[in-house]
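Taking it in order: structure first as structure tokens, then the write-up.
The values are calculated or read from the model by the stated rules, or taken from the named source; none is laboratory data. Treat the numbers as computed from the prediction; the structure is a model and nothing was measured. Every residue, glycine among them, receives a Cβ derived from its backbone with ideal geometry; neighbour counts consider all protein chains shown. These accessible areas exclude ligands, DNA and RNA; they are computed on the full protein's heavy atoms, side chains included. Shrake-Rupley method; radii C 1.70, N 1.55, O 1.52, S 1.80 Å.
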Amino acid sequence: MANYKNIKGFPIQYLDSDPPNPIEGQIWFNSTTQTLKGAEAGGAFAGTWSSGGTMNTARGGIGSAVNGTQTAGLGFGGESPLANETKTESYNGSAWTEVGDLNTGRGILGGSGTQALALAFAGNPGGGDTTNASEEFNGTSWAEGNNVNTARYGLKGSGIQTAALGFAGFNGALSPARVTLTESYDGTSWTEVGDLNTERTGAGGFGTTQNSSICAGGNTSPGNNYTSNSESFNGTSWTETSNLNVAKQGMGGAGSSTNGLVFGGNTGTLQATTEAWDGTSWTEVGDLTTAREALGGLGTSTLALAFAGATPPNTAVTEEWTAPDVVINTLTTS
């Protein structure tokens, strides 16, 4: 009978504890637990949520610097019981700190960029109105930029401050009010580009560049008409991809067009579910601790941040998503 040494050319390691940094494919025998173990690929499918630092102001419909990181995040605007917020908060991996306010208070707005160079655009300034205002953040304060072409709220963003994308949304003065509109930003002005195939507001979205973005879910018509439809943007046009497992709206998002996440949302019931995108299909993975919609999201598919949102009432809760590169499993010998 063949053994592991004859097949692989070296014997199985005999260790008294699991190695601290195993690599994918490594196999060993743990003499303390008397078990055969191996390291397998981890990634988003092995991730879990844990508590992070609480924001200073609870709010729903918050904007996110989607290309920020878990240790350098930025959230801005949003809706609180008292006002449509101008407040901006930065995250250092453990705590949120208030920084320079937006010039125009608004909720359910689009966002892109990083903690140091962010972009806020469109949104609801109050009373169900829409704004086309766009602002740029330099790490300290916000400055007015050129307006988006179509005012709306409930849209999503991707990319960086000088190469951003804004897509979907709602404008009650238009017909249909839920739009397919997509606009790209070059650091100076907004230009309309290829429309989504499915009109929607409250979608989940993410993307590290304006030429490679994902839009998933949302509300397609008056009432609770949630969709699971997912689309990918290539810089010119949107293409329908595999659907989400659950039709919903109001999700946070993080990651790239080939490795991303959407989390939270509303199906008629607030959701804690997370779905991971691998460039081909969606898979349900670990749940948030706090179910909510209209939350902020940023980071990557392995190190993401979920913050604020409507529970209701609004919450200031932050959760951190961590997915290891490899996971250790006990192997069977049968």
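In table form, for the structure just shown:
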{"read-out": "Strands (runs of 3 or more DSSP E) lying entirely in segment 182-299 (those with 1 or more residues that are of a type outside the set (Gly, Ala, Ser))", "value": "182-185, 190-192, 204-209, 212-216, 230-233, 238-240, 260-263, 274-277, 282-285, 296-299"}
{"read-out": "In segment 90-103, the residues that are open to solvent by less than 40 Å² (accessible area, probe 1.4 Å) and either out of contact with any Gly (no Cβ under 8 Å at 6 or more places or on another chain) or more than 12 Å from PHE137 (Cα to Cα) (or both)", "value": "TYR91, GLY93, TRP96, GLY100"}
{"read-out": "Residue within segment 119-126 that is over 18 Å from ALA203 (Cβ atoms) and more than 20 Å from the chain's Cα centre (by Cα) present", "value": "yes"}
{"read-out": "Residue ID - most open to solvent (accessible area, probe 1.4 Å), chosen from residues in segment 24-55 that are assigned to a loop (DSSP other than H, G, I, E, B) and at pLDDT below 75", "value": "GLU24"}
{"read-out": "Some residue of segment 178-188 being open to solvent by 40 Å² or more (accessible area, probe 1.4 Å) and of a type in the set (A, V, I, L, M, F, W, C)", "value": "no"}
{"read-out": "Residue among GLY265, GLY279 that is open to solvent by less than 40 Å² (accessible area, probe 1.4 Å) and out of contact with any strand residue (DSSP E or B) (no Cβ under 8 Å at 6 or more places or on another chain)", "value": "GLY279"}
{"read-out": "Failed item in (1) open to solvent by less than 50 Å² (accessible area, probe 1.4 Å); (2) more than 16 Å from the chain's Cα centre (by Cα); (3) acidic (Asp, Glu), with GLU231 passing the rest", "value": "(2)"}
{"read-out": "Residues satisfying the stated conditions in segment 199-228, i.e. under 14 Å from the mean Cα position of the chain (by Cα) and either of a type in the set (S, T, N, Q) or farther than 24 Å from ILE160 by Cα (or both)", "value": "THR208, THR209, SER213"}
